[in-house]
Structure formats: C-alpha cells, structure tokens
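One structure is given below, encoded as structure tokens.
The values are calculated or read from the model by the stated rules, or taken from the named source; none is laboratory data. Everything numeric in this text was worked out from a predicted model, so none of it was measured. Counting neighbours? That spans all protein chains shown, and the Cβs are built from the backbone with ideal geometry, glycine included. All accessible areas refer to the heavy atoms of the entire protein, side chains included, with ligands and DNA or RNA removed. Shrake-Rupley method; radii C 1.70, N 1.55, O 1.52, S 1.80 Å.
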Amino acid sequence: SPTQPAGSYVGKVRYTMVHPNDAAAPLARITLSDAYEKTGKTKVTVGSSSYYKLQDMTPEICNMTEVLDEPGQTQLLDIRDNKVYWATKLQDGHCWMTQNLDLDLSISAALTNETSDLNTVASWTPVNNTVDATSGAISGYTDNNNVPNSVNPGDWYWKNEPFYSSLICDTHRGCDYLIKSDATYANYFSQTPYAINGTHGHVGNYYNWSAAVASNDTSNYASDTSTNIVNNPQNSICPKNWRLPTVSNEDPSMDGSTNEFGRLSYLYDSNYTTDDFDKGLVTAPLYFIRSGAINAVSALHYAGATGFYWSSSVESNARVYISVFNSYNYTDKVAPLNRIYGIPVRCIAR
C-alpha cells in the first residue's frame, strides 16, 4: 500500500493485473486478423464479404499473432483467383493455411512473383493446363517425374465422419469419387460442405510435385535434400509470402524443427491409440484430408482412406518426402512418394 514503510522484506507477494477500464474483462489477445489490422493491411471486398489478402502475410504478422489454433483462425483471400482459404497460427509457431490449395494452372496464364511464391524467377507458365475432371473422368494427366500435371476434381468436401471407422473401401484401392458411381465414397465425400468442418474440408486440386514447385523441368532435383533443406526448390504455386512445408532429418520434438510435417504430428497427434490413429490431423485445427492420390494408370485411388501432402524436400530423382497418414495400418509419418502422383498442397507462411 502507499503507506507501507520502506525496508527489506522476505516473503511472497501477490500481484493482480486488471484491465484499466473493466476489472472483470481480460486483456484481449491478438488474433491473426487483428495482426493484419495492426500492421496496416487493408481488406478486399468480394461479393458481400471483405478479407485480408494471403499475399499480404509477413513474418511480423505471424509473430504478432497470439491466439493459436481454431480460436485465432480467419479467412484470407488469394487475389490470383479470388478464392478464400482458412488460415491460423499453430502451436509450432508458424502460420498455416488450414485448407487445401485450389488454384487452377493454365498454359495461357503465367504465375508471377507479384502474387505467387516465385523467388528465383519473375514468372512461370506451366506447360500443361489443370485437367478439368468435374465431369467425373480424368483425361490428359500424364505420369512424368519432371513435368507439371494437375487435376481439378470439382467442389468435393471431406465429410470426416465417422472419423475412425473401419476402412470400407480397401478392397478396390480406395473410394474413387471421380470414376465410380457406387455409394461407398459417399461415406467420405460430399458436394455440400459438411457441418463439422465446412469449407475446411474442401478437397481442392491435385498436383504432381513439378506443378507444386512451379517447374516445367525438375530433373535437376535428383539428390536427397532432407539433410540440407537450403537445396530445396525455392519456388512453389503457393501465394506470395507462403511456401511448401519442409521435411528434414531434424528431431520433430525440437522447437523450430525444419521437419515441419513431423513437428505438427508431434504436437497434435502424439497421443494416438490403435483406435484413434490420426485424430489430431483430421480434426480442428489442422483439417488434413484423406483425399487420396491421382496417377494416369488408376486415376484417383485411396480417397477416403489415405492422406498425402507434398513437401519441398527431395528424396531422389523419382521421389519426394511427403506427409502421409491413413485410418487402418499406420498413423501419420513422413515418407517418400513417387513424384508422378497428384496430391494436395498446403501452404505455410514464409
């Protein structure tokens, strides 16, 4: 108190901090949206809604954000095609898009470094268009390690319920919702946003690795880069100021580990059980999707069964490290996948 005599005291002191205007109200913590506002970013109006831009992300914005996971999420606009994506800051300290990328690629529309994650070139024009498979058939996708290919399946959403039922589609290599007309895939996918995760569950597009790293020739990437990720490709089809996650040989239990998919698994899915394999990945706030993979031989397979996501880290001239998880024989892990496959992309802020 103001009348306390001066002197030396021994013991415990209790401090109480109160809001200057309302002792009952806690001090507000900064969300991702708040950080955009505090750094002077402006919103863009699309239709009846306004959004901050993915391309305006900065390290300052992510570092300033205090509210993590679902409570701190917001929707951000990709000004390349005016599509909107969920994003939030996660427990690894990075800001992530928590929705799959849905960008169509065109031989007549170059990506530029003004709006895309191009750091060693000013622009990139893909040699192949994104295949339109909204009619239910895939035609024009080629199996090539080094040339970009991608597929737009249409607006499908991962139902994500039941989360961990026994796999009902393993006898025919997954529930192929682009080709098959049977009812099995309806257990996993819908053309209506599902109540549990809404647009978080949008399947997005499928990209082979060359498309994901915005290259018409990835043949120079032939050696393992997981021991030195500075050798990873420096470009991607993510929005400007975002990139592909990295995979490395660093321990994912370490703060700041560059084994970024492994780090998420460690933080969100370390307490899995045999009945609950990948709950931490497919639920809030990550919303990863078991969306399967595409190739020219069998079209889409493992849909509803297995989730795959590209990193920028190379394993060999034929394979790249990915995050992979499913619901029936192993939990999430980092493993190499053949570069010809089309799988989803998630972006992380630079």
**Study point:** Meets criteria (at pLDDT 95 or above and in a loop (DSSP other than H, G, I, E, B)) for Gly7
**Key:** no
Check your understanding: Looking at segment 65-79, which of its residues are closer than 22 Å to Asp104 by Cα and either open to solvent by less than 50 Å² (accessible area, probe 1.4 Å) or part of a helix (DSSP H, G or I) (or both)?
Key -> Leu76, Leu77, Asp78
**Study point:** Single match in Lys279, Lys240 (criterion: modelled with pLDDT under 90 and not hydroxyl-bearing (Ser, Thr, Tyr))
**Key:** Lys279
Exercise for review: Scan segment 136-157 and give yes if some residue there is under 15 Å from Lys240 (Cβ atoms), surrounded by fewer than 17 Cβ atoms within 10 Å (Cβ to Cβ), among the acidic types (Asp, Glu) and more than 15 Å from the chain's Cα centre (by Cα), otherwise no.
Suggested key: no
Exercise for review: Identify all residues within segment 43-64 that are surrounded by fewer than 23 Cβ atoms within 10 Å (Cβ to Cβ), assigned to a loop (DSSP other than H, G, I, E, B) and in contact (Cβ under 8 Å) with a residue 12 or more places away in the chain; write none if there are none.
Suggested key: Thr58
Point to revise | Residues located in segment 281-315, provided they are of a type in the set (A, V, I, L, M, F, W, C) and in a loop (DSSP other than H, G, I, E, B) | key: Ala284, Leu286, Phe288, Ile289, Ala296, Val297, Ala303, Ala305
Check your understanding: Given (1) surrounded by fewer than 18 Cβ atoms within 10 Å (Cβ to Cβ); (2) in contact with a Cys (Cβ under 8 Å, 6 or more places away or on another chain), where does Leu244 come up short, assuming only one miss?
Key -> (1)
**Study point:** Pairs with Cβ under 8 Å, 6+ apart, first in segment 131-144 and within 13 Å of Trp156 (Cα to Cα) and part of a loop (DSSP other than H, G, I, E, B), second among the β-branched types (Val, Ile, Thr) and open to solvent by less than 50 Å² (accessible area, probe 1.4 Å)
**Key:** Ala133/Val151
Check your understanding: Could we say that Ala195 is out of contact with any helix residue (DSSP H, G or I) (no Cβ under 9 Å at 6 or more places or on another chain), among the small types (Gly, Ala, Ser) and at pLDDT 95 or above here?
Key -> no
Exercise for review: Considering only residues that are among the charged types (D, E, K, R) and open to solvent by 100 Å² or more (accessible area, probe 1.4 Å), look in segment 10-34 and name the one that is modelled with the highest pLDDT.
Suggested key: Arg29
Point to revise | Number of the condition not met by Ile237 [criteria: (1) under 20 Å from Thr58 (Cα atoms); (2) in a helix (DSSP H, G or I)] | key: (2)
Study note, to complete from the structure: Just one listed residue, out of Asn259, Asn216, Asn235, Asn249, is free of Cβ contacts under 8 Å to residues at least 40 places away in the same chain, open to solvent by 10 Å² or more (accessible area, probe 1.4 Å) and over 14 Å from the mean Cα position of the chain (by Cα), and it is Asn249
Check your understanding: Could you count how many residues in segment 81-113 are in a loop (DSSP other than H, G, I, E, B), open to solvent by 20 Å² or more (accessible area, probe 1.4 Å) and either of a type in the set (Phe, Trp, Tyr) or touching a Pro at 6+ places or on another chain (Cβ under 7 Å) (or both)?
Key -> 1
